[in-house]
Amino acid sequence: MTESSSTRGRLTRRGFLKTAGAAAGVAGLAGVASMATADGWLAPASAEAAPEEHVARTYHQSHCGGMCSLACTVRDGRMVKVQPNGVGNPDFQTICLKGISEVAHIYGKGRVQTPLKRVGERGSGQFEPISWDEALDEVAELIKTTQDAYGRDSIMVLATAEADFGFLAPMLGAQTGGFDGIDVGTGNGLDPAMGFGAGYAMCAPEARDWQRSKLVLTVGSNYCESSLPNVFTFFDAKEAGAHMVTVDPHYSTTASKSDEWIPIEPGTDAALFLGMISHIIDNDLADEDFMAQHSTMPFLVDAETGLLIRDHEEIAPVDEAAEAEPETPEQNPYFVIDPVTGNPVHHTQCDTPAISGTTQVRGRNAVTVWDVLVEGQKPYTVDWAAEITGIPAERIASLAEEYAEGPSSLALGWGGNDKMTNADIAGHAAAVLVAITGNVGKPGAGVGVYVGQSYNSYAPALGAWALPEDWAAAASEVSIYDMPYRENNCHAAIFCGDIVAQHLANMNVTCDWADTLDFIVTMDPYFTEGAKWSDYILPCTSRFEYDEPFGNVKAGYSQIVIQEKIIDPLFEARTDLWIQRELASRLGLKAGIPESSVDRCNAILSTSTEPWVSELTVEKISENGAVWPVPDREVIREVVPDQVFPTPTGRMELYYDGMVPFDQQLPQWEPCTEIADESLRAQFPLQLTNTRTRFRIHNQFYDSDWLQLMYEPLVMLNPADMASRGLETGDVVRVFNDRGEFKVHAAANNAIRPGSVRIYEAATADYTVAGNLQNVTNNTMIERGYDLMCGPVIPFSDTLVEIEKA
Ligand SMILES: Nc1nc2c(c(=O)[nH]1)N[C@H]1C(S)=C(S)[C@@H](COP(=O)(O)OP(=O)(O)OC[C@H]3O[C@@H](n4cnc5c(=O)[nH]c(N)nc54)[C@H](O)[C@@H]3O)O[C@H]1N2
Ligand SMILES: Nc1nc2c(c(=O)[nH]1)N[C@H]1C(S)=C(S)[C@@H](COP(=O)(O)OP(=O)(O)OC[C@H]3O[C@@H](n4cnc5c(=O)[nH]c(N)nc54)[C@H](O)[C@@H]3O)O[C@H]1N2
Ligand code: SF4
Ligand SMILES: [Mo]
């Protein structure tokens with residue numbers, strides 16, 4: 001189909017002259033000048049000089065909040081230009097420098113060009129090229145012998161968001177590494193109250209809703225970089241009169257575009273929220289109607305045990321394996337106080353119960369959640385919060401008043417306090433703040449992470465290719481972040497993307513563990529840091545290469561986008577689908593994999609639960625310009641518009657029974673484990689903030705020459721912290737702690753909070769002066785984490801370091 005979209009086939013001589021003139025200086029036309037001086041150049045040159053040229057379209061990355069549809073010009077088989085596609089909703093006809101730079105990046109020195117087999121020590125980066133047949137035969141044989149010896153789940157398959165390896169784990173019956181401990185810090189605390197968000201705090205309406213907010217309070221996100229193509233939404237809201245306030249330790253890009261920046265001590269977001277909650281309670285600013293009707297604030301708690309009282313004891317599962325369903329709130333109701341009679345009744349019998357009161361239920365002293373909250377909040381005054389956060393008490397108080405008045409949006413992040421050990425407490429406190437002010441489920445009021453797909457769009461539901469019934473990934477008893485530390489049955493790993501360097505903290509330990517595995521295979525278009533620990537590296541195609549007219553179909557950002565073949569696979573790279581098919585065929589499993597990617601695309605569309613999607617085909621979308629916008633996207637996407645939450649009770653469930661052993665049934669302040677450790681701080685006085693940057697998507701684009709001109713890995717320090725260490729911008733510094741070290745250049749930057757250092761995450765050893773950022777990051781997984789929705793979060797930024805001139 002890409003051929004039919006050719007904009008220009010053979011050129012006439014006249015056409016060629018015009019083009020050559022217009023494009024003077026463009027690579028590929030070198031030689032034009034000398035030809036002009038040669039005799040009779042018009043005659044022999046014309047036939048060969050007409051380049052074959054066509055345009056094809058593909059979606060780009062999803063992890064940057066973009067998934068931009070890009071129109072790519074191919075001339076004589078080489079991709080020479082990448083532009084916005086210009087089809088579909090105008091809001092999404094975007095591109096950034098990362099997309100534009102792909103014309104060089106996909107041909108760049110970072111590509112893995114052939115299958116590679118390790119010859120040196122693991123980690124040494126020494127490999128020799130081998131043929132695809134050798135590589136696939138040997139990998140298939142290793143999979144077979146390992147699974148025969150240790151069971152099917154002895155292989156772990158892990159794939160990054162950008163990889164297309166969905167068949168591999170189910171087909172092998174491999175484990176997939178359980179929870180990954182990434183981006184779940186805040187959601188762990190927020191989502192149980194909301195009833196959705198999946199642990200990622202993706203429970204916000206789309207950001208166009210901000211135009212209807214009076215206050216947009218951003219805490220711990222820098223979406224003006226981390227959702228680059230959606231930044232217009234921020235400015236639309238600002239123009240519409242929303243008060244944009246950003247709370248961030250550093251003067252981030254988003255802070256700099258906001259009406260106000262409120263600097264905060266890192267890792268203290270929970271204290272800010274707790275202080276605001278107290279101020280709202282103390283000044284009678286709480287929305288009692290919302291709390292009574294739409295939250296569990298009126299529910300009764302047993303004063304002795306701290307557990308919510310239910311009609312009868314919950315039936316515990318007889319044995320874990322049987323996994324008996326717990327009773328629903330209808331079958332086993334909670335108790336509330338009827339405001340008219342003052343008696344305890346089932347919550348199902350009273351729509352607007354009293355939010356305050358004490359009573360007796362079956363001889364037990366009972367008190368409402370609200371009363372427990374009010375009592376527990378007493379120590380968390382605004383003065384207390386000011387002490388912890390470094391924000392003046394008056395500003396916390398006025399912010400609380402403005403937030404309570406509403407409608408207010410609370411925009412949280414994945415890159416701020418999320419990456420710290422106390423992140424769940426901040427998420428839980430945010431939920432309480434939202435509930436006591438009713439700032440949710442109405443125009444201009446929402447809470448959650450507004451980055452990426454949640455930021456600005458509808459996500460159409462796609463279907464899936466039906467797998468054979470006996471294809472299923474194995475359960476993962478131990479999550480990836482615990483693999484180095486806990487007994488498990490993982491003997492070998494297939495990593496699609498860079499798991500070793502990018503998905504675990506404290507890399508020296510990760511590498512010691514990786515070295516214990518029987519074999520590691522990495523599948524990636526690029527030679528990554530983690531790939532060095534592999535025994536085999538298999539080169540994948542980039543988004544721009546395919547071996548069929550269509551590669552894949554994706555949904556998000558209010559449209560369906562497709563991947564057309566732009567060019568043939570480069571070097572010896574093969575598509576992710578081809579690699580899976582070849583492995584399957586060597587293992588006798590080929591029948592379960594689609595014969596062609598076009599079949600798969602059309603199955604993904606036709607099996608959608610949304611009728612307008614199921615009627616589409618990839619060919620139809622291609623004819624439409626490779627983009628199919630969501631119908632009715634003019635209407636701002638809302639969540640819980642009726643304020644009925646998708647929780648078991650339909651209310652915001654703020655009281656976490658399960659956290660009683662940790663005294664976190666309601667959010668209680670706990671500082672971060674590492675950065676608040678005063679004795680450690682005496683040794684390593686600087687907190688290391690990890691954030692994302694517009695110049696990169698995680699470890700991607702390091703090897704892009706164009707982007708290297710803009711940025712190379714460096715640490716940014718406040719000028720005062722530079723001066724006290726005798727450092728000057730441009731110095732090479734050693735960043736170190738007990739876990740390890742790396743070396744990069746340092747730069748003074750007033751935007752950085754004194755006592756903190758900022759680095760853009762994924763600083764990988766091939767592009768630093770020496771070593772990997774991950775050598776120093778904190779791998780502490782707190783005990784409470786294992787009882788949270790998505791397991792503990794990896795606290796990459798709860799890290800202390802010292803820095804000295806190298
Ligand atoms: N120290 C520290 N570490 C962190 C973080 C931090 O803040 N600090 N942040 C964490 C966060 S939030 C996240 S989400 C993770 C993200 O880390 P990753 O999951 O690693 O990031 P991605 O950008 O999704 O994946 C990129 C990898 O996929 C490869 N890739 C791209 N396209 C394809 C393809 O089509 N096929 C295949 N096979 N591979 C492809 C790229 O070459 C690259 O190696 O990093 C985490 N790591
Ligand atoms: N260009 C680009 N875009 C991306 C990505 C990328 O790699 N590149 N990655 C994507 C992914 S996987 C993710 S998870 C998202 C993350 O997107 P965001 O959640 O926006 O995370 P960051 O961009 O890292 O910004 C985090 C901000 O929080 C601040 N911060 C640090 N510590 C604290 C704290 O304790 N409290 C508060 N209040 N603020 C703090 C930092 O200074 C920074 O400004 O971005 C996505 N978008
Ligand atoms: S990297 Fe840039 S061009 Fe590519 S999808 Fe993201 S924002 Fe769009
Ligand atoms: Mo992330």
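The values are calculated or read from the model by the stated rules, or taken from the named source; none is laboratory data. Computed from a predicted structure; not experimentally measured. Because the Cβ atoms are built from the backbone with ideal geometry, glycine has one as well, and the counts that use them run over all protein chains shown.
Inclusion of A149 among residues that are more than 16 Å from ligand 2 (Cβ to nearest atom), under 22 Å from N489 (Cα atoms), surrounded by fewer than 17 Cβ atoms within 10 Å (Cβ to Cβ) and among the hydrophobic types (A, V, I, L, M, F, W, C) is warranted.
Checked against (1) more than 9 Å from ligand 3 (Cβ to nearest atom); (2) touching a Ser or Thr at 6+ places or on another chain (Cβ under 8 Å), G65 passes all but a single condition, namely (1).
The single condition among (1) over 25 Å from L666 (Cβ atoms); (2) within 12 Å of ligand 2 (Cβ to nearest atom); (3) modelled with pLDDT of 95 or more that Q175 does not meet is (2).
Residues in the range 774-783 that are out of contact with any Ser or Thr (no Cβ under 9 Å at 6 or more places or on another chain) and surrounded by fewer than 22 Cβ atoms within 10 Å (Cβ to Cβ): E783 only.
Every condition in (1) buried (at least 22 other Cβ atoms within 10 Å of the Cβ); (2) under 13 Å from G123 (Cα atoms) holds for D512 except the one numbered (1).
Scanning the range 617-651 for residues that are part of a loop (DSSP other than H, G, I, E, B), more than 29 Å from P443 (Cβ to Cβ) and either touching a residue at least 60 places away in the same chain (Cβ under 8 Å) or of a type in the set (D, E) (or both) returns N624, G625, A626.
Any chance the range 663-675 includes a residue that's β-branched (V, I, T), touching a residue at least 24 places away in the same chain (Cβ under 8 Å) and under 18 Å from T253 (Cβ atoms)? Write out each step before concluding.
Narrowing the range 663-675 to residues β-branched (V, I, T): 673, 675.
With touching a residue at least 24 places away in the same chain (Cβ under 8 Å) added as a condition, the list becomes 673, 675.
Within this subset, residues satisfying the condition of being under 18 Å from T253 (Cβ atoms) are none.
Checking the range 663-675: not a single residue is β-branched (V, I, T), touching a residue at least 24 places away in the same chain (Cβ under 8 Å) and under 18 Å from T253 (Cβ atoms).
Any idea which of G120, G197 is under 30 Å from the mean Cα position of the chain (by Cα) and not acidic (D, E)?
Values: G120 fails: under 30 Å from the mean Cα position of the chain (by Cα).
Matching residue, one of G120, G197: G197.
In summary, S797 fulfils each of the numbered conditions (1) crowded, with 21+ Cβ neighbours inside 10 Å; (2) more than 25 Å from N417 (Cα to Cα); (3) away from ligand 3 (no atom under 16 Å from the Cβ) with the single exception of condition (2). Scanning the range 753-773 for residues that are surrounded by fewer than 22 Cβ atoms within 10 Å (Cβ to Cβ) and modelled with pLDDT under 95 yields A765, D766, Y767. Would you call P713 over 22 Å from G530 (Cα atoms) and out of contact with any helix residue (DSSP H, G or I) (no Cβ under 6 Å at 6 or more places or on another chain)? So P713 does not fit the description; no. Scanning the range 234-269 for residues that are closer than 22 Å to G99 by Cβ and surrounded by 23 or more Cβ atoms within 10 Å (Cβ to Cβ), we see that the one that is nearest to the chain's Cα centre (by Cα) is T254. Across the range 71-99, which residue is farthest from ligand 3 (Cβ to nearest atom) among those that are in contact (Cβ under 8 Å) with a residue 24 or more places away in the chain and part of a helix (DSSP H, G or I)? Looking at residues that are in contact (Cβ under 8 Å) with a residue 24 or more places away in the chain and part of a helix (DSSP H, G or I), I get D91. Please determine, by comparing only the residues of the range 424-459 that are in a loop (DSSP other than H, G, I, E, B) and among the aliphatic types (A, V, I, L, M), which one is farthest from H243 (Cα to Cα). In this case the residue turns out to be A459.
Name the single residue that is modelled with the highest pLDDT among those in the range 37-52 being in a loop (DSSP other than H, G, I, E, B) and crowded, with 17+ Cβ neighbours inside 10 Å.
Here is the first cut: in the range 37-52, the residues in a loop (DSSP other than H, G, I, E, B) are 38-41, 50-52.
Within this subset, residues satisfying the condition of being crowded, with 17+ Cβ neighbours inside 10 Å are 50-51.
Numbers: A50: 80, P51: 85.
Per the stated criteria, the residue is P51.
Only one entry of A404, A411, A423, A429 meets the criterion of being at pLDDT 95 or above, within 16 Å of ligand 1 (Cβ to nearest atom) and surrounded by 18 or more Cβ atoms within 10 Å (Cβ to Cβ), and that entry is A423. Please specify each residue of the range 699-720 satisfying the condition of being surrounded by fewer than 21 Cβ atoms within 10 Å (Cβ to Cβ), in contact (Cβ under 8 Å) with a residue 60 or more places away in the chain and not aliphatic (A, V, I, L, M). The answer is D703, D705, W706. Please go through the range 698-731 and pick out each residue that is outside any helix (DSSP H, G or I) and either over 28 Å from A104 (Cβ atoms) or over 23 Å from the mean Cα position of the chain (by Cα) (or both). Matches in the range 698-731: L709, M710, M716, L717, N718, R725, G726, L727, E728, T729, G730, D731. Scanning the range 638-683 for residues that are in contact with a Lys or Arg (Cβ under 8 Å, 6 or more places away or on another chain) and either under 30 Å from P329 (Cβ atoms) or modelled with pLDDT under 95 (or both) yields P641, Q643, F645, M659, F662, Q664.
Please specify each residue of the range 345-375 satisfying the condition of being of a type in the set (S, T, N, Q) and touching a Phe, Trp or Tyr at 6+ places or on another chain (Cβ under 6 Å).
If we filter the range 345-375 for residues that are of a type in the set (S, T, N, Q), which is where we start, we get 348-349, 352, 356, 358-360, 365, 368.
Across the range 345-375, the qualifying residue is only S356.
Of the numbered conditions (1) touching a residue at least 40 places away in the same chain (Cβ under 8 Å); (2) surrounded by fewer than 20 Cβ atoms within 10 Å (Cβ to Cβ), A159 satisfies every one except a single condition; which is it? Of (1) touching a residue at least 40 places away in the same chain (Cβ under 8 Å); (2) surrounded by fewer than 20 Cβ atoms within 10 Å (Cβ to Cβ), only one is false for A159: (2).
For the subset of the range 511-539 comprising residues that are assigned to a strand (DSSP E or B) and β-branched (V, I, T), which member is nearest to the chain's Cα centre (by Cα)?
Filtering the range 511-539 for residues assigned to a strand (DSSP E or B) gives 519-524, 526, 536-539.
Still in the running and β-branched (V, I, T): 520-522, 537.
Numbers: I520: 25, V521: 24, T522: 21, I537: 25 Å.
In this case the residue turns out to be T522.
All conditions in (1) over 22 Å from the mean Cα position of the chain (by Cα); (2) modelled with pLDDT of 95 or more hold for E313, with the sole exception of (2). Among all residues of the range 53-70, there is at least one that is β-branched (V, I, T), away from ligand 1 (no atom under 16 Å from the Cβ) and at pLDDT 95 or above.
Of everything in the range 674-693 that is in contact with a Ser or Thr (Cβ under 8 Å, 6 or more places away or on another chain) and in a loop (DSSP other than H, G, I, E, B), the residue that is nearest to ligand 4 (Cβ to nearest atom) is R692.
Close Cβ contacts (under 9 Å, 6 or more residues apart or on different chains) running from residues in the range 231-257 that are of a type in the set (F, W, Y) to residues that are part of a helix (DSSP H, G or I) and within 16 Å of ligand 4 (Cβ to nearest atom) comprise F234/Y223. If you go through the range 196-232 and keep only what is among the polar types (S, T, N, Q) and crowded, with 22+ Cβ neighbours inside 10 Å, you end up with S213, T218, S221, N222, S226, S227, N230.
Any idea which of P339, P298, P353 is touching a residue at least 12 places away in the same chain (Cβ under 8 Å), more than 19 Å from T649 (Cα to Cα), part of a loop (DSSP other than H, G, I, E, B) and touching a helix residue (DSSP H, G or I) at 6+ places or on another chain (Cβ under 9 Å)? Let's see the steps before the verdict.
Values: P298 fails: more than 19 Å from T649 (Cα to Cα); P353 fails: more than 19 Å from T649 (Cα to Cα).
Unique residue meeting the criteria: P339.
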